[in-house]
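Everything below concerns the one structure shown next.
Readers should treat all values here as calculations from the given coordinates under stated rules, not as data from a laboratory. Given the structure is predicted, the values throughout are model-derived calculations rather than measurements. In this analysis, Cβ positions are derived from the backbone assuming ideal geometry, glycine residues included, and neighbour counts consider all displayed protein chains.
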Amino acid sequence: MEPTRNAKSLTRVLLAEDEADADKRKRGRFTTQGVGCEFGRALNISSTGMKVLGAGKVTVKAKDQVSLILSNAHYHLPIEAEVVWVKTIDSKQFEIGLHFTNVTADMANGIRQIAMATSPSLLMADS
């Protein structure tokens, strides 16, 4: 069965939105040193989320809503997030992808300040 013209148009729009979202995230993602939260050390961070390396046993699963404190040596920012994905590396380590929720403009600015205070390098490719 041949897709209708509207279905083809919708598919193109959705693909363009996905590419725009991925590109926007890549341009705003920072590698970090000294940034962390309750789950572990942030490997990279953007105003919309972060990738965390943790030690021990994973205590969350995808779609869990969590409250955490994003921090470095100078700043502490309470933030809400959704667990997007969880990857067990081995019996002692895991990675978590978090998407920040209910982020205000002030909170997004705080996230950028935390990221830039510890490592002002922009990560241009997914890792």
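Using only side-chain charges placed at the Cβ, +1 for Lys and Arg and -1 for Asp and Glu, the dipole size of region 43-120 relative to its Cα centre rounds to 220 debye. Seen from residue 93, the other residues with C-beta closer than 11 Å to its C-beta sum to a net charge of +2, counting Lys and Arg as +1 and Asp and Glu as -1.
What does the charge add up to near residue 57, with Lys and Arg as +1, Asp and Glu as -1, over the other residues with Cβ less than 13 Å from its Cβ? Counting the neighbours of residue 57, the net charge comes to +1. The ranking of 50, 107 from fewest to most other beta carbons within 10 Å of each one's beta carbon is 107, 50.
Taking amide H positions as modeled 1.01 Å from N, with prolines and chain starts lacking one, the residues under 5 Å from residue 93 and 5 or more places away or on another chain are 56.
In order along region 32-49, the phi-based Karplus estimate (6.51 cos²θ - 1.76 cosθ + 1.60, θ = phi - 60°) of 3J(HN,Hα) comes to 9, 9, x, 10, x, 8, 4, 7, x, 9, 6, 8, 8, 8, 9, 6, 10, x Hz; Gly and Pro are listed as x.
A simple count of charges around residue 82, restricted to other residues whose Cβ falls under 9 Å of its Cβ and scoring Lys, Arg +1 and Asp, Glu -1, yields -1.
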